[in-house]
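Chemist: Right, I'll just put the structure down here and ask away after.
The values are calculated or read from the model by the stated rules, or taken from the named source; none is laboratory data. What you see is a predicted model, and the numbers here were worked out from it, not measured in a lab. FYI the Cβ positions are ideal-geometry reconstructions off the backbone, even for glycines, and counts take in every protein chain you see. These accessible areas exclude ligands, DNA and RNA; they are computed on the full protein's heavy atoms, side chains included. Shrake-Rupley method; radii C 1.70, N 1.55, O 1.52, S 1.80 Å.
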Amino acid sequence: MSNESINWDKLGFDYIKTDKRYLSVFRNGEWDNGTLTEDNVLHISEGSTALHYGQQCFEGMKAYRCKDGSINLFRPDQNAARMQRSCDRLLMPRVPTEQFIDACKQVVKANERFIPPYGKGALYLRPFVIGTGDNIGVRTAPEFIFSIFAIPVGSYFKGGMTPHKFLISDYDRAAPQGTGAAKVGGNYAASLQPGYEAKKAGFADCIYLDPLTHSKIEEVGSANFFGITANNEFVTPKSASVLPGITRLSLMELAESRLGLKVIEGDVEINNLARFVEAGACGTAAVITPIGGIQYNGKLHVFHSETEVGPVTRKLYDELTGIQSGDVEGPAGWIVKVA
Ligand SMILES: *Cc1c(COP(=O)(O)O)cnc(C)c1O
C-alpha cells in the first residue's frame, strides 16, 4: 500500500497493515533484543495462555507530526510504567522502560510514511504482551511476546470534537478487587456486549458505575470520566477499578497548573449530575469527547449542551492537543522526540 492512497481527511480508527512491527520474545528468563518485521501474523502455540486464560495486556499511545516536521511521543514513560503494572497483575514479565521506549521509536521511524501530516490525526501505537508457549493448565505462560504495531488514525468517535450521548450500563466491566486498573483484554471482553447494546440503542457508548454500589460513575466505555463544576472544579472518579488513564492524569495536571481549576479525585454520584456544568470522556483514542448527555433510568441528563462544546472542555482540549503536536510548551518530560 502506498501512502498516496491514504486519504488523511477521512481517517477513522481502523486497522491498516503498516510496514513494520516490533517483536521481542521472553524465553529462559529474559527478553531478547527484539526485531522489526514485515509479518503481521503471529505464529503461537495453540496452548498459549493468552488464548485461553486472557493472559495479555496492552497499551495505546500516539506519535504526532509537528509543524516543523519533527515527531512527538506523548509521555511514553507513563505507558511503559502502566504496562509494567499490568504485567505484574497478570504474572507476566515486565518490559523494561528503556526497551519499551526504544521499541516505540523504532516502530514510529519504520512507519514514518504512515504518520498523518500535522493536524490530521496521529500514528497510533499498540504495544502488547501475551503469554505464549505450549501449556494447558491455569498458570503463567512459559514464554511471552512483546510487540508493537502502528496504524494511522483520525478521531475515534466519528464526528470528532462534538458532544456525544452515553447510556448508563447495568453491566460491570470489572470487579472491586479485580483487574479494572490493569489494561487487560479481559476487561474489554466484558465490555463488548454492554457497548454493543448501548450503540444499538443510539448512544456513543455506555458508562459503567462502580461495581460495588452501582451509584457512582467509573468509566465511559474505554475512556475516563471528568466533570467541571460551576465552582471551577475538575472532578474525576477515584476508584481502585478505574483504569488510570494518562490523558486523565495529564488533564488533572493541566486543569490545575494552566486553567487554575481545583482538581478533585472523588466520588461522582449518578444522582448528583446537576453539580456539573460540563462533562467529558478522555483517553488516547478518544482524546477529549464532550459528554452531551447521560441516559439513566429512562431520563436523559444534559450537561452544557447536546450540540455545543463547553468553554472549559474546549480549553483543556486546546491545551492538551497543543502540547501533543508541539505548538504549546508542555510540562518538563512530557514530550519525547522521535526525530
Ligand atoms: C486505556 C484506557 C483509558 C484511557 O487511558 P489513556 O492512557 O488516557 O489512553 C481509560 N479507560 C480504560 C478502560 C482504558 O482501557
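Chemist: Given the range 286-339, what strands (runs of 3 or more DSSP E) lie entirely inside it while holding 3 or more residues that are open to solvent by less than 60 Å² (accessible area, probe 1.4 Å)? Before you say what the answer is, go through the steps one by one.
Modeler: Details: elements: 287-296, 299-302, 335-337.
Once the strands (runs of 3 or more DSSP E) in the range 286-339 are filtered for at least 3 residues that are open to solvent by less than 60 Å² (accessible area, probe 1.4 Å), what remains is 287-296.
Chemist: List pairs: first residue in the range 255-267 and closer than 9 Å to Leu316 by Cβ, second residue outside any strand (DSSP E or B) and of a type in the set (Lys, Arg) anywhere in the structure, Cβ distance under 7 angstrom, at least six positions apart or on different chains.
Modeler: Leu259/Lys315
Chemist: Starting from the range 316-329, take each residue that is touching a residue at least 60 places away in the same chain (Cβ under 8 Å) and list its partners that are open to solvent by 50 Å² or more (accessible area, probe 1.4 Å), counting only C-beta distances under 6 angstrom and pairs at least six apart or across chains.
Modeler: Glu319/Arg258
Chemist: Can you tell me which condition Ala230 does not meet? The list is (1) within 16 Å of the chain's Cα centre (by Cα); (2) closer than 23 Å to Ser305 by Cα, and all the others hold.
Modeler: Every condition holds for Ala230 apart from (1).
Chemist: From the list Gly180, Gly154, which residue is under 15 Å from the mean Cα position of the chain (by Cα), more than 15 Å from the ligand (Cβ to nearest atom), surrounded by 18 or more Cβ atoms within 10 Å (Cβ to Cβ) and on the phi < 0 side of the Ramachandran plot? Step through it out loud before you land on a result.
Modeler: Working: Gly180 fails: more than 15 Å from the ligand (Cβ to nearest atom).
Among Gly180, Gly154, only Gly154 is under 15 Å from the mean Cα position of the chain (by Cα), more than 15 Å from the ligand (Cβ to nearest atom), surrounded by 18 or more Cβ atoms within 10 Å (Cβ to Cβ) and on the phi < 0 side of the Ramachandran plot.
Chemist: Would you check which residues across the range 204-226 are among the small types (Gly, Ala, Ser) and near the ligand (Cβ under 9 Å from one of its atoms) and list them? Please lay out each step first, then the result.
Modeler: Narrowing the range 204-226 to residues among the small types (Gly, Ala, Ser): 204, 215, 221-223.
Listed by number, the residues that qualify are Gly221, Ser222, Ala223.
Chemist: Ok, one more. Take residues that are more than 16 Å from the ligand (Cβ to nearest atom), on the phi < 0 side of the Ramachandran plot and in contact (Cβ under 8 Å) with a residue 12 or more places away in the chain and tell me which of the strands (runs of 3 or more DSSP E) falling wholly in the range 44-103 contain 1 or more. Walk me through how you get there before you give the answer.
Modeler: Numbers: elements: 56-58, 61-65, 71-74.
Correct list: 61-65, 71-74.
Chemist: Would you be able to tell me the number of residues in the range 237-253 that are more than 11 Å from the ligand (Cβ to nearest atom) and farther than 20 Å from Phe276 by Cα?
Modeler: 1
Chemist: Check Arg82, Arg75 and return the single one that is farther than 21 Å from Glu112 by Cα and not small (Gly, Ala, Ser). Full working, then the answer.
Modeler: Numbers: Arg75 fails: farther than 21 Å from Glu112 by Cα.
One residue alone meets the criteria, Arg82.
Chemist: What do you reckon, is Ala110 of a type in the set (A, V, I, L, M) and open to solvent by less than 10 Å² (accessible area, probe 1.4 Å)? I'd like the intermediate steps shown before the answer.
Modeler: Working: of a type in the set (A, V, I, L, M): yes; open to solvent by less than 10 Å² (accessible area, probe 1.4 Å): no.
Against the criterion (of a type in the set (A, V, I, L, M) and open to solvent by less than 10 Å² (accessible area, probe 1.4 Å)), Ala110 does not qualify.
Chemist: Might you check whether a residue that is over 26 Å from Asp14 (Cα atoms) and either crowded, with 21+ Cβ neighbours inside 10 Å or over 21 Å from the mean Cα position of the chain (by Cα) (or both) occurs anywhere in the range 113-124?
Modeler: If we filter the range 113-124 for residues that are over 26 Å from Asp14 (Cα atoms), which is where we start, we get none.
No; the residues of the range 113-124 include none that is over 26 Å from Asp14 (Cα atoms) and either crowded, with 21+ Cβ neighbours inside 10 Å or over 21 Å from the mean Cα position of the chain (by Cα) (or both).
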